[in-house]
Amino acid sequence: MALKIIDHGSAEYRQMVKLRDDILRKPLGLTFTEDELEQEKDHLLIAAFEDEHMLGCCMLIEEKPGLARLRQMAVLNDLQGKGIGRALMNFAENIARDRGYRSICMHARANALGFYEKVGYRIKGEQFTEVTIPHYMMEKDL
């Protein structure tokens, strides 16, 4: 498995959008808007590949100096629980650390809390609704 940073607008990026749409949006009856995708040009786009096939992805953005935010974490359904998410998290955390961030936060779906807690994230605050489902703010010091 190869982990790498991909370019916005590339063929790999289009593959990333499709994976995120299939895993994160379609099950909720939602889609991405062109405006949402355009805003991602300033995000650090990260993906895991086996040959040319994308297995999972996530992105990082600067929330404020010293704090990065992880967004849009997705792994193919039939590959969840196989270490791809953990590898993506380690890669993203190392990149964030190398770029001077001291912690990472995220809006984690309630059904993914166990995974994020296993990799060292902790809940910060009360449950809230985002994209029609329950989420929690989580954070980890790097």
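We did not get these values from a lab; they are worked out from the coordinates using the rules stated. Only a predicted model underlies this, so the values are computations on that prediction, with no experimental measurement involved. Cβ placement follows ideal geometry from the backbone for every residue including glycine, while neighbour counts extend to all protein chains displayed.
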Let me know the shape class of the chain, please: from the alpha-carbon gyration tensor, a ≥ b ≥ c as square roots of the eigenvalues, rounded when a/c is under 1.5, otherwise prolate if a/b is greater than b/c, or oblate. rounded
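If you restrict to DSSP beta bridges whose two residues both lie in the chain, what percentage is antiparallel, to the nearest 5?
Taking every DSSP beta bridge within the chain, about 90 percent pair in antiparallel fashion.
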Size of electric dipole in the range 1-104: Cβ of Lys, Arg +1 and of Asp, Glu -1, about Cα centre, debye, nearest 20: 460 debye
Ellipticity estimate at 222 nm from DSSP helix runs (n ≥ 4, -39,500 (n - 2.57)) divided over the chain, nearest 500: -7500 deg cm²/dmol
Among Leu19, Phe128, Leu3, pick out the residue whose Cα is farthest towards the positive end of the charge dipole of the chain, where Lys and Arg carry +1 and Asp and Glu carry -1 on C-beta, about the Cα centre. Phe128
Counting only pairs 8 or more places apart or on different chains, how many lysine pairs in the range 5-117 have C-alpha atoms closer than 26 Å? 6
Cα-centred dipole magnitude for the range 43-142, charges only on beta-carbon of K, R (+1) and D, E (-1), debye, nearest 20: 360 debye
Pairs of Cα atoms under 8 Å, at least six residues apart: use those to get the relative contact order of the chain, whole percent. 19 percent
Here the longest stretch of the chain that holds no trypsin sites (Lys or Arg not before Pro) in a DSSP loop having at most 12 other beta carbon atoms within 10 Å is 1-98
